[in-house]
Structure formats: structure tokens, C-alpha cells
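The values are calculated or read from the model by the stated rules, or taken from the named source; none is laboratory data. Note that this is a predicted model, so its numbers are computed, not measured. Because the Cβ atoms are built from the backbone with ideal geometry, glycine has one as well, and the counts that use them run over all protein chains shown.
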Amino acid sequence: MSSGVNSLSKYYGEFGKYLKDHDVFLRSANINKDIDFLIKALDLKKSDSILDIASGQGRHANAFAEKGYQVDGVDFSKYLLARAKKDRSKKLKIESTYTLANVENLRLENKYQKAYWFFSDLANINIPKVIASINWNMEMGGKVLFDTDSIFRIVSYLQTHDQTNLIFDAFNLELIDKKINLRVPYPTLGMWNSWFTSNGFLMERVVGNYDFSEYSISSPRLIMVVNKTAQITRVI
Ligand SMILES: C[S@@+](CC[C@H](N)C(=O)[O-])C[C@H]1O[C@@H](n2cnc3c(N)ncnc32)[C@H](O)[C@@H]1O
């Protein structure tokens, strides 16, 4: 394991800084808005089998359960999964379930009709491997939403803020955090598209934010909805 992977699992662990670093964001985040966005973007029905990829502390999966949707979450942080289970409402008929797993090697019991990877952290992730791993767990015709940071947003941020730890590797399209030795990939839309087509998905829709605005150089997010059109048969 590289020190980057170690520091990443520490970051999301019990003594890690993830929840603290995002305290203001998480307090002010409007979960109902996220949920409404996901329902519209993925045409979610209460009868759908739904997977929350890298579900963290379960803020979306638990909110979905309160609205009558059954969502299963997967994440590699034992600590965040324990928080997610603790935060589940006891009174509901529908209960979100949580499984400890690395998104690069998902082999879940169920196949899903809908899935979302919301507010993704791509640090140290082999993206084509994750796409293939998600394919394996989806039903044919299933839809997946990938919500990622925008390369345009990060470049514009770095150009307007003095940074000591963060540099952008323009050759490999990666943000490097020198302090904790992390590399975060920022693939272009074209790169994503070729990974989707070679891993059994067809791109259906691209938007630049949660208000469905058009993807452009001013977009804060790159959000893609894909459709499973072929089953991955090779060993991942
Ligand atoms: C920025 S958080 C977002 C969590 C959640 N989707 C949300 O919106 O609150 C990123 C999540 O990805 C998880 N994660 C990162 N790399 C992972 C991997 N390789 N396998 C599984 N989970 C991973 C982290 O534990 C964390 O919960």
C-alpha cells in the first residue's frame, strides 16, 4: 500500500479529518436538494434497487430511506459506515444497508437498476477499474450517475489562490497534494467517455451542476449519467 492510500483511509477513519474538514459544507448542504436532483437525473422509482457508491456516513442513503426508497451503501471506511448505521432512523419500514468494500473490487450479492457516486473523491483510484467493477454490479439497462469535481473549477481555483501544498500536474491531469502525497485524477470528458464505452456503458447525459446546467468551462461539477449496454465478462 502506498503512503497515499494509507493517508486516504486514515483521512476517512475515526481519527481522520474528513468530517472536520467538511463540517461547514456538510452542515449547510441541502440533502433534500441532492435527493431531488438524484431522483430526477436517474428517474428513481421507489421500486428500484439503488446503490450508493462510496456512501460515506450515509447522508443520502438514510435520507432516501426516510422517503421510502431502498438504498444500499458501500464504502471502504468502517468508521463512516458505523456512523451511517447509527444514524438510520429506527422507525422506518425501509432500512438502508451498508457494506464494507473497495469500489475497485465490488462483488455485491444484488444487481442494481440505479446507482450513484455522489460527491466522489477520486484520489488514488483506478477509474477504469472502478467503472468495470460498477458494471459487474449493475443490471443490463441500469443507469449510473458519476458526480465529479470539474477540471475547469480546480484550475481556475489554483490560478486565483496561492497554494503551497497543491500543484496541478498538467501532463497527467492530476492534482497533487504534496503534504500528504495524494494524487487526484481530473480526467477530461473525452477520457471518461472512452472508459465508459470500453467498460460496457453508454454516456446518456452530461451536466455541469446539480441544477442541470450545461457543462462548460464555468461548471463547478462534471456530472455524467451512463447506461449499462454490455456485461463485462473479463476478470477485473
Ligand atoms: C467525499 S466523501 C463522499 C461521501 C458521500 N458520497 C457523501 O456525499 O457524503 C468520499 C467517500 O469515498 C470513500 N472512498 C474513497 N475511496 C474509496 C474506495 N477506494 N473504496 C470505497 N470507498 C472509498 C470515502 O471513505 C468517503 O466516504
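May I ask you to list the residues in region 199-216 that are out of contact with any helix residue (DSSP H, G or I) (no Cβ under 6 Å at 6 or more places or on another chain) and under 13 Å from Leu189 (Cβ atoms)? Within region 199-216, Arg205, Val206, Val207, Gly208, Glu214, Tyr215, Ser216 qualify. Of the set (1) farther than 28 Å from Asn126 by Cα; (2) among the aliphatic types (A, V, I, L, M); (3) touching a strand residue (DSSP E or B) at 6+ places or on another chain (Cβ under 9 Å), all apply to Val24 but (3).
Conditions (1) among the acidic types (Asp, Glu); (2) buried (at least 18 other Cβ atoms within 10 Å of the Cβ); (3) over 30 Å from Leu44 (Cβ atoms); (4) touching a residue at least 60 places away in the same chain (Cβ under 8 Å), marked per residue:
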{"site": "Arg107", "(1), (2), (3), (4)": "no, no, no, no"}
{"site": "Lys111", "(1), (2), (3), (4)": "no, no, no, yes"}
{"site": "Asp149", "(1), (2), (3), (4)": "yes, yes, no, yes"}
{"site": "Ile167", "(1), (2), (3), (4)": "no, no, yes, no"}
{"site": "Leu173", "(1), (2), (3), (4)": "no, no, yes, no"}
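From the list Lys67, Lys114, pick out the single residue that is more than 12 Å from the ligand (Cβ to nearest atom), within 18 Å of Met203 (Cα to Cα) and among the charged types (D, E, K, R). From the options Lys67, Lys114, the qualifying one is Lys114.
Taking the numbered list (1) exposed (fewer than 15 other Cβ atoms within 10 Å of the Cβ); (2) farther than 16 Å from Asp121 by Cβ in turn, Lys17 passes all entries but (2). For region 40-53, taking the residues that are under 17 Å from Arg205 (Cα atoms) and surrounded by fewer than 16 Cβ atoms within 10 Å (Cβ to Cβ), the one that is nearest to the ligand (Cβ to nearest atom) is identified as Lys40. Of the numbered criteria (1) crowded, with 17+ Cβ neighbours inside 10 Å; (2) modelled with pLDDT of 95 or more, the one Thr99 fails is (1). Within region 18-36, being within 12 Å of the ligand (Cβ to nearest atom) and not hydroxyl-bearing (Ser, Thr, Tyr) holds for Leu19, Asp21, His22, Phe25, Leu26, Ala29, Ile31, Asp34, Ile35. Taking Leu158 as the residue in question, decide whether it is more than 16 Å from the ligand (Cβ to nearest atom) and part of a helix (DSSP H, G or I). Yes, satisfied.
Quickly run through region 117-143 and pick out the residues that are within 12 Å of the ligand (Cβ to nearest atom), farther than 12 Å from Asn227 by Cα and part of a helix (DSSP H, G or I). Within region 117-143, Ile127, Lys129, Val130, Ser133 meet the criteria.
Taking helices (runs of 4 or more DSSP H) as the structural unit, those lying wholly within region 1-83 and holding at least 2 residues that are modelled with pLDDT of 95 or more correspond to 31-42, 59-66.
Can you name the residue in region 192-206 that is among the aliphatic types (A, V, I, L, M) and under 17 Å from the mean Cα position of the chain (by Cα) and is also surrounded by the fewest Cβ atoms within 10 Å (Cβ to Cβ) among such residues? Out of the qualifying residues, it is Met203.
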